[in-house]
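Engineer: Okay, here's the structure, questions in a sec.
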Amino acid sequence: MSTETRNTSERTAIPPATDRVDVRGPRFAAWVTTAVLVVVLLAAAVSPVAAAVLIALQAVVFAIGAAAGPREHPYGRIFATFLAPRLAPTSETEPTPPLRFAQLLGFVFAAVSLLGFVLGSTIVGAVFAGFALFAAFLNAAFGICLGCQIYPLVARLRRNSVHGGVRGPSVVTRASASGPDAPAGAPASN
């Protein structure tokens with residue numbers, strides 16, 4: 001495990017060597033998701049009903065990925081069954097909690113998109129399908145998982161709320177409240 005990966009795991013409170021998956025699986029899932037969402041947008045131009053059905057199916061896929069994790073994700077199962085056995089053993093893995101969170105975000109985008117199509121607002125449906133498409137394409141093409149990037153912040157906020165809230169202003173809050181010339185330990189002026 002590289003130093004950068006180890007430091008990222010420590011910062012995000014993900015125990016090292018816990019439930020991890022081959023990085024190629026989520027990338028494959030992102031490519032399939034990208035294709036599905038492109039079809040949703042193309043269908044929206046012709047038939048909002050067809051787009052609604054497709055985005056509903058994709059929402060179910062996102063929900064399974066969020067609830068059960070990448071190993072049970074329908075596209076992940078396709079990867080594990082048909083592609084992984086033909087590939088060389090993986091040299092890189094990633095933790096599953098950020099991936100599950102990314103699927104949850106995808107589900108939210110798909111659900112709002114579906115709601116837009118169902119309520120007759122093709123524009124809202126297409127815009128939120130477009131947001132999901134943007135995130136899926138970033139992951140597929142460049143390996144940038146937006147949900148995974150947001151996950152550490154959400155994990156930290158959840159940890160703070162479980163432990164009785166924030167225990168005081170952060171260093172950033174103190175520095176910005178005190179001004180750029182104030183010493184780092186100086187209290188914020190009111």
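The values are calculated or read from the model by the stated rules, or taken from the named source; none is laboratory data. Predicted model only: the values in this text are computed from it and were never measured. Note: ideal-geometry Cβ built from the backbone for every residue, glycine included; neighbour counts use all protein chains shown. The accessibility values were calculated without ligands, DNA or RNA, using every heavy atom of the protein model including side chains. Shrake-Rupley method; radii C 1.70, N 1.55, O 1.52, S 1.80 Å.
Engineer: Full extension from Ala88 to Asp19: what is 0.36 nm times the residue separation minus their Cα-Cα distance, to one decimal in nm? Before the final figure, lay out the partial values.
Structural biologist: Numbers: separation 69, 0.36 × 69 = 24.84 nm, distance 2.04 nm.
Working it through step by step, the gained length comes to 22.8 nm.
Engineer: Any chance you could run the full-extension gain for Val118 through Ala68? It's 0.36 nm times the residue separation minus the Cα-Cα distance, nm to one decimal. Don't jump to the answer; show the numbers that get you there.
Structural biologist: On the way: separation 50, 0.36 × 50 = 18.00 nm, distance 2.69 nm.
This chain segment gains 15.3 nm when fully extended.
Engineer: Provide the net charge surrounding Ile78, with neighbours chosen by a C-beta distance below 14 Å and charges set as Lys +1, Arg +1, Asp -1, Glu -1. Please list the in-between numbers first.
Structural biologist: Working: positive: Arg24, Arg27, Arg71, Arg77, Arg86; negative: Asp22, Glu72.
Cβ neighbours under 14 Å give a net charge of +3.
Engineer: Leaving ligands and nucleic acids out of the surface, order Arg20, Arg159 by accessible area at 1.4 Å, largest first.
Structural biologist: Values: Arg20 35, Arg159 85 Å².
I get Arg159, Arg20, largest accessible area first.
Engineer: Ignoring ligands, DNA and RNA, what percent of the 1.4 Å accessible area of the stretch 35-177 is carbon and sulfur?
Structural biologist: Values: 5880 of 8220 Å².
Here it works out to 71 percent.
Engineer: Moving on. Suppose R0 equals 25 Å; then what is the FRET efficiency for Leu138 and Val53 from their Cβ-Cβ distance, rounded to the nearest 0.05?
Structural biologist: Working: r = 26 Å, r/R0 = 1.02.
Efficiency, rounded to the nearest 0.05: 0.45.
Engineer: Name the shape class, rounded, prolate or oblate, that the alpha-carbon gyration tensor gives for the stretch 27-75, where a ≥ b ≥ c are the square roots of its eigenvalues, rounded holds for a/c under 1.5, and otherwise prolate holds if a/b is larger than b/c and oblate otherwise.
Structural biologist: Working: a/c = 4.50, a/b = 1.89, b/c = 2.39.
Taking the square roots of the gyration eigenvalues as a ≥ b ≥ c, the stretch 27-75 is oblate.
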